[in-house]
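What follows draws every value from the coordinates through simple rules; no lab data is involved. All figures in this text were calculated on a predicted structure; none of them were measured in a lab.
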Amino acid sequence: MSQGPRSGLAAVSSALLAMSRHLEVRDVLKTIVSSARELLDAQYAALGVPDDHGGFAQFVVDGVSDAQWKAIGPLPRQHGILASMLHEARPERLADVRKDPRFEGWPSAHPDLVDFLGLPIRDGDEVIGALFLANKLHSVGGNPALPARPEREGRCGFTEEDQELLAILAQHAAIALTNARLYERSRELTIAEERSRLAHELHDAVSQKLFSLRLTAQAAAALVDRDPARAKGELQQVATLAAEAADELRAAVVELRPAALDEDGLVATLRTQIQVLDRAHTARVTFTSNGFRALPAAQEEALLRVAQEALHNALRHSGAGHVAVSVDRRGGGAVLRVSDDGSGFDPKAVRHAGRHLGLVSMRDRASGVGGTLTVESVPGKGTTIEMEVPGG
C-alpha cells in the first residue's frame with residue numbers, strides 16, 4: 001500500500017484510534033470521513049446515514065467549506081449511485097461519475113466530482129451508511145494538491161489497493177458507528193430515568209395536596225355544627241385544594257406520555273412540559289413564544305430536544321433560581337433561547353465539560369437541520385443557549 005502520504009499500517013491504526021475516541025454519532029461520522037479522505041489522498045469525502053423515508057438522517061462531508069455546503073442546499077436524497085450503494089450493498093469504483101448512467105446531476109454550487117470510490121458500511125446484513133471518496137489527488141513537485149484528471153487517462157484514479165484499504169476502514173467504521181449509537185441509546189435511557197424521577201416527584205406533589213385536602217375536609221366536618229362560618233371557609237379551601245390536585249394529575253398524565261409534536265406542535269408541547277417542570281422543581285421555569293410559525297417536523301423535533309437538554313442542564317447542574325425558555329419567529333425560521341441565572345461556566349475551557357453538558361449533542365442536532373447553536377456563559381452569571389433554524 002504505497003499510495004498517499006499516510007499509507008500503511010500506521011495510517012490505518014491512526015484512523016482507527018481516532019474513531020475510537022468519540023462517542024457521539026456525528027463525531028464518529030466526521031472522524032471516519034476525514035480519516036478516509038486523508039488516508040487515501042482524496043479531494044472530497046462524504047458519509048451518509050440513510051433514514052426510512054428516502055433521504056439521509058445524517059450526511060457528513062470533508063473537503064467542502066461551510067460556505068460551499070450552505071450554498072449546495074438541502075441534503076441529498078437516496079438516488080443514483082448513492083442509492084445503488086445502499087440498496088445493492090456493493091462497492092463502486094468509477095473513472096468518471098458524471099458518465100455513469102445512474103448519475104442524476106447535482107446542484108449548481110456542488111463541486112465537480114470525477115473519479116469516485118464508494119463503499120457501503122454494513123453492520124451484519126444491514127447497510128447503515130455509504131462512504132465515498134472523489135477526485136484522487138496526485139503529487140506534483142511534492143505538493144499533493146492537484147486532481148489527477150483521470151478522465152483524460154480513461155481510468156479511475158483510485159486503485160484496487162485503495163478499495164481494499166477503504167473496505168478495512170469501513171468495517172471498523174461500522175463498529176465505531178454501532179458503538180456510538182449504543183452510547184446515544186444509553187443517553188436516551190438516562191432521560192427515561194429522569195422522566196421516572198419526575199413522575200415520582202409529581203406523585204409526591206399530588207399526594208401532599210390530597211393529604212391537605214383530607215385534613216381540611218375533616219376540619220370542616222368538625223366545625224359544621226359549632227362554627228358554621230369557619231366550616232364554610234374550610235369547605236372553600238377543600239374546593240381549592242381539589243382543583244390544584246386535579247391540575248397536578250392532569251399535568252402528570254400529559255408529561256408522562258410521549259411528546260406529540262405531530263398532534264400538538266412545538267409551542268404547546270414545550271409549554272406543557274415546562275409547566276410540569278415548574279411544579280416539580282424549586283427553580284421557577286417560565287415559557288414565552290412570539291410569532292412562531294410551524295416548521296418541518298425534523299426542525300421542530302430538534303428544537304424540542306435541544307430545549308429538553310438545556311433545561312436538564314439548567315435544573316440539574318446550574319443551581320439556577322429561574323430558567324426562562326422562549327421560542328420566537330426569526331425571519332422565515334425560528335430561534336429557541338434557554339437562559340438561566342445559575343452558576344455558569346467558562347465556554348473557552350469547557351471541552352470536557354461540554355461533552356458532560358451535552359453541548360456536542362445539541363450542536364449536532366442544530367447542524368443536522370441546517371441550524372446554528374450558540375452558548376453564552378460567564379462563571380457566576382448564568383448561561384444562555386440559543387438555537388436558530390431557517391425556514392422550511
Open item on the list: What percent of all Cα-Cα pairs in the range 271-321 falls into each 5 Å bin, going from 0 up to the bin containing the maximum distance?
Closed with: 4, 18, 25, 26, 15, 9, 4
TODO: May I ask for log10 I(q)/I(0) of the range 28-109 at q = 0.18, 0.25, 0.26 Å⁻¹, from a Debye sum over the Cα atoms as equal point scatterers with solvent left out?
DONE: -0.91, -1.62, -1.61
Task: Cross-link reach list, lysines versus LYS136, counting only Cα pairs under 22 Å and skipping chain neighbours closer than eight places - done: LYS30, LYS99
